[in-house]
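Contents: one structure, followed by commentary.
The values are calculated or read from the model by the stated rules, or taken from the named source; none is laboratory data. If you're wondering where the values come from, they're calculated on a predicted model, not measured in any experiment. Methodologically, a virtual Cβ is constructed for each residue, glycine included, from the backbone with ideal geometry; neighbour enumeration extends over all protein chains shown. Heads up: the accessible areas ignore ligands, DNA and RNA and are worked out on the full protein's heavy atoms, side chains in. Shrake-Rupley method; radii C 1.70, N 1.55, O 1.52, S 1.80 Å.
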Amino acid sequence: MIKAILIFNNHGKPRLIRFYQYFAEDMQQQIIRETFHLVSKRDDNVCNFLEGGSLIGGSDYKLIYRHYATLYFVFCVDSSESELGILDLIQVFVETLDKCFENVCELDLIFHMDKVHYILQEVVMGGMVLETNMNEIVAQVELQNRMEKSEILEVL
């Protein structure tokens, strides 16, 4: 099961944080800092899997991440998840964001947070993977966009 999804920039600033397991606010902040420290100090040519930090579960949990341009996409999962499956899921999520935002960048995550959260909910909900087909996810996002536009037109 996915325990947390963290996206932060090269400086450790969180851009999207989603915990699927309860942690107090101060503990969440410590987890974010520890995760950034663990992931950012790794060389680019090493494996994208590592043991979870001491705060989020230790050896029972894994951090699976990808570094794209200025953003780190980190999924914290328990031992029941496949590392390669989650790595592929990160790829699908990023490609979906790319398709929806035409070359997604850090600013898209900041200024279109609601849309990013919607896309993430199409992929993962409650820590369980819902959809891995990028075309299906994009179709749902486009349907949501059309519904929002029609509601706006009705109001006007």
Original post:
Taking Cα atoms, how many degrees apart are the long axis of helix 134-155 and the longest axis of the chain, rounded to 10 and kept between 0 and 90?
Top reply: 50
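Using only alpha carbon pairs under 8 Å that are at least six residues apart, calculate the relative contact order of the chain and give it in whole percent.
Values: 194 pairs, mean separation 33.9, N = 156.
With pairs under 8 Å counted, the relative contact order is 22 percent.
Would you mind calculating the gained length between H67 and M147 on full extension (0.36 nm times residue separation, minus the Cα-Cα distance), in nm to one decimal? Walk me through the numbers before you get to the answer.
Working: separation 80, 0.36 × 80 = 28.80 nm, distance 3.35 nm.
That pair, H67 and M147, stretches by 25.4 nm at full extension.
Suppose the chain between H11 and R42 were pulled fully straight at 0.36 nm per residue; how much longer would it get relative to their current alpha carbon spacing? It would help to have the intermediate numbers written out before the result.
Details: separation 31, 0.36 × 31 = 11.16 nm, distance 1.42 nm.
The span from H11 to R42 would gain 9.7 nm if fully extended.
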**OP:** Could you list which residues have their amide H under 5 Å from that of L71, counting only those 5 or more apart in sequence or on another chain, with H placed in the peptide plane?
**Re:** none
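What FRET efficiency comes out for N103 versus E34 if R0 is 30 angstrom and r is the Cβ-Cβ distance? Round to the nearest 0.05. It would help to have the intermediate numbers written out before the result.
Numbers: r = 31 Å, r/R0 = 1.02.
Efficiency, from the Cβ-Cβ distance: 0.45.
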Original post:
Out of (i) 28, 16, 16; (ii) 26, 19, 15; (iii) 34, 17, 16, which label holds the value of semi-axes √(5λ) of the Cα gyration tensor in Å that was computed here?
Top reply: (i)
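Would you calculate a helix-derived [θ] at 222 nm for the chain, using -39,500 (n - 2.57) for each DSSP H run of n ≥ 4 and dividing by the full residue count, to the nearest 500? List each step's numbers first, then the result.
On the way: 5 runs with 74 residues, N = 156.
It comes out at -15500 deg cm²/dmol, rounded to the nearest 500.
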Original post:
Considering the chain as a Gaussian network with a 10 Å cut-off on Cα pairs, which listed residue, L84, L71, L109, attains the greatest mean-square fluctuation?
Top reply: L84
Original post:
In a GNM of the chain with a 10 Å cut-off on Cα contacts, which of G85, G127, G52 has the highest mean-square fluctuation?
Top reply: G85
Subject >> Cα centroid separation, the stretch 134-156 to the stretch 50-103 (Å) >> reply: 28
Subject >> Helix axis angle, 113-123 relative to the chain longest principal axis, alpha carbon, degrees >> reply: 70
Subject >> Carbon/sulfur fraction of accessible area - the chain, other protein chains in place, 1.4 Å, % >> reply: 51
Subject >> In the stretch 1-155, lysine pairs with alpha-carbon atoms under 17 angstrom apart (chain gap of 8 or more, or interchain) >> reply: 5
Original post:
How large is ³J(HN,Hα), in whole Hz, for each residue of the stretch 63-69 in order, when computed from phi with the Karplus curve 6.51 cos²θ - 1.76 cosθ + 1.60 and θ = phi - 60°, using x for Gly and Pro?
Top reply: 9, 10, 9, 9, 10, 10, 6
Subject >> Per residue, in Å², the accessible surface of the chain once ligands and nucleic acids are set aside, probe 1.4 Å >> reply: 55
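Given R₀ = 25 Å, FRET efficiency for V155-D114 by Cβ-Cβ distance, to 0.05? It would help to have the intermediate numbers written out before the result.
Numbers: r = 18 Å, r/R0 = 0.71.
Working from the Cβ atoms, E equals 0.90.
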**OP:** Name the residue farthest towards the positive end of the dipole of the chain from the options N10, F49, F93, assuming +1 on Cβ of Lys and Arg, -1 on Cβ of Asp and Glu, about the Cα centre.
**Re:** N10
**OP:** Quote to one decimal, in nm, the extra length available between R18 and L50 on full extension: 0.36 nm per residue of separation minus the C-alpha distance between them.
**Re:** 9.6 nm
